[in-house]
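Working notes, structure below.
The values are calculated or read from the model by the stated rules, or taken from the named source; none is laboratory data. Since the model is a prediction, treat every value here as computed from it, not as a measurement. Glycine gets a Cβ as well: all are built from the backbone with ideal geometry, and neighbour counts include every protein chain shown. Only protein heavy atoms, including side chains, enter the accessible area calculation; ligands, DNA and RNA are left aside. Shrake-Rupley method; radii C 1.70, N 1.55, O 1.52, S 1.80 Å.
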Amino acid sequence: METSLSQAYTDTHIPPHQIIPLDFESVRELPESHIWTPAVEDRHHNEREELLPVPPVIDLGAPDVTELVGNACRRWGMFQVTNHGVPLGLVDDVEAHARRLFELPADRKLKALRSPSGATGYGVARISPFFDKLMWHEGFTIMGSAVDHAKQLWPHRYEEFCDVMDNYQKKMKSIAYKILLIALKALGVDEEDEEKISSSMLYESNGALQLNSYPSCPNPRQAVGLAPHTDTQLLTILHQNNTNGLQIFQQGIGWIPIPPIPGALVVNLGDLMHILSNACFHAVYHRVVPNDTSHRFTVGYFYGPPIEAVVAPLAKLPSPRFRAVTVKEYIGIKNKHLEKSLSLIGI
Ligand SMILES: O=C(O)CCC(=O)C(=O)O
Ligand SMILES: [Fe+2]
């Protein structure tokens, strides 16, 4: 069973051969299809790295959490959280199951291949059609239950995978909601506004889980793990295993690595939060670079309202900079225009 979010993707039709990731196990050299030229600049910071400012790590139980989250959303569009209430055992289980999935032989993974007009299952990154070269990445997307695809992968042992993914999504949904409330409070939303927001369905959530795998790469300097993009929904909560790779772009600084911190989760703001906050908060532009020694696994939870909900700058913020859009309409714009999307709904 899938949730309505998957319906927002049915208009896109990608030929099946363009959905299949490389069989990373079978290659010893970077194939031409995966060589990005010119090599992505500024990818490995050197002696400057320790001097770079980085997004904060915020204790969700801190007395001044609203101020801390508000400042991070304004300055960075990203922060890491600790004391988030997600049991570390559950995070470890989700990572172990992601690893188990991606370590299956290529022909088995293809049994769960995303369909040409589908949104869920195994395949390349959704943003792939926007780029000439392919990414050093494979993904698996879950919206609602993963059972149909999991049965294809493990006909006799799919329940445990599904249970772990379900539990993790429930936990993610509740902490995403908590973080959304803190962020709205930081924007000055009071009880009266909250009533209006409830009727706009903003508080009813619709989430997706994205498992990502970036195998170690024979020539990481010429490869791209995940090309630069902003996420579409209100916010993303990301678990990264103990392998570097995530970077964010900041004007005037360049690409800044976001190192994994054991037990912490990364929070990214997406385009819908950018719209809702009237650009007081920023959708963060980010990418992943591969490395030649270890395999990076990540699990992202994308949190946003149902696809028929209307998102517009909060009424109390002066001079709206964006017109109102339904989530479905915005996903459609993003599927066609990627990073130009926000400017296309600007007023
Ligand atoms: O794997 C990562 O570190 C980032 C993943 C990501 O940006 C995404 O899935 O949108
Ligand atoms: Fe992302």
*So residue 200 fits all but one of (1) open to solvent by 10 Å² or more (accessible area, probe 1.4 Å); (2) within 16 Å of ligand 1 (Cβ to nearest atom); (3) over 19 Å from residue 175 (Cβ atoms); what number is the exception?*
(2)
*Can you tell me which residue in segment 126-151 is nearest to residue 18 (Cα to Cα), limited to those that are out of contact with any helix residue (DSSP H, G or I) (no Cβ under 7 Å at 6 or more places or on another chain) and of a type in the set (Asp, Glu)?*
132
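Has segment 323-334 got at least one residue that is outside any helix (DSSP H, G or I) and aromatic (Phe, Trp, Tyr)?
Of segment 323-334, the ones outside any helix (DSSP H, G or I) are 323-326.
Keeping just the survivors that are aromatic (Phe, Trp, Tyr) gives none.
Among the residues of segment 323-334, not one is outside any helix (DSSP H, G or I) and aromatic (Phe, Trp, Tyr), which makes the answer no.
Per-residue answers, yes or no, for (1) open to solvent by 30 Å² or more (accessible area, probe 1.4 Å); (2) farther than 30 Å from residue 93 by Cα; (3) within 13 Å of ligand 2 (Cβ to nearest atom):
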{"residue": "236", "(1), (2), (3)": "no, no, yes"}
{"residue": "245", "(1), (2), (3)": "no, no, yes"}
{"residue": "288", "(1), (2), (3)": "no, no, yes"}
{"residue": "306", "(1), (2), (3)": "no, no, no"}
{"residue": "340", "(1), (2), (3)": "yes, yes, no"}
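Of everything in segment 135-153, what is hydrophobic (A, V, I, L, M, F, W, C) and either surrounded by fewer than 18 Cβ atoms within 10 Å (Cβ to Cβ) or at pLDDT below 95 (or both)? Give them in sequence order.
Here is the first cut: in segment 135-153, the residues hydrophobic (A, V, I, L, M, F, W, C) are 135-136, 140, 142-143, 146-147, 150, 153.
147, the sole residue that qualifies.
Output the residue which, of all residues in segment 236-287 that are of a type in the set (Gly, Ala, Ser) and within 13 Å of ligand 1 (Cβ to nearest atom), is farthest from residue 339 (Cα to Cα). So that I can check it myself, show each step before the final result.
First, the residues of segment 236-287 that are of a type in the set (Gly, Ala, Ser): 245, 252, 254, 263-264, 270, 277, 279, 283.
Those left that are additionally within 13 Å of ligand 1 (Cβ to nearest atom): 245, 270, 283.
On the way: 245: 21, 270: 12, 283: 11 Å.
Across segment 236-287, the extreme among qualifying residues is 245.
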*Please work out which one of (1) at pLDDT below 95; (2) within 16 Å of ligand 2 (Cβ to nearest atom) is the condition residue 209 fails and give its number.*
(1)
_Output for segment 259-285, where each listed residue is open to solvent by 10 Å² or more (accessible area, probe 1.4 Å) and either hydroxyl-bearing (Ser, Thr, Tyr) or within 11 Å of the chain's Cα centre (by Cα) (or both)_ = 285
*Give the number of residues within segment 125-167 that are in contact with a Gly (Cβ under 7 Å, 6 or more places away or on another chain) and more than 20 Å from residue 96 (Cα to Cα).*
3
_Filtered residues of segment 17-55 (kept if assigned to a helix (DSSP H, G or I), modelled with pLDDT under 90 and open to solvent by less than 70 Å² (accessible area, probe 1.4 Å))_ = none
_segment 284-304 residues that are outside any strand (DSSP E or B), paired with ones that are within 8 Å of ligand 1 (Cβ to nearest atom) and at pLDDT 95 or above (beta carbon under 6 Å, 6 or more apart)_ = 284/268; 289/225; 289/245; 290/214; 290/225
*Report those strands (runs of 3 or more DSSP E) wholly inside segment 143-262 carrying at least 1 residues which are of a type in the set (Val, Ile, Thr).*
235-240, 246-250, 254-257
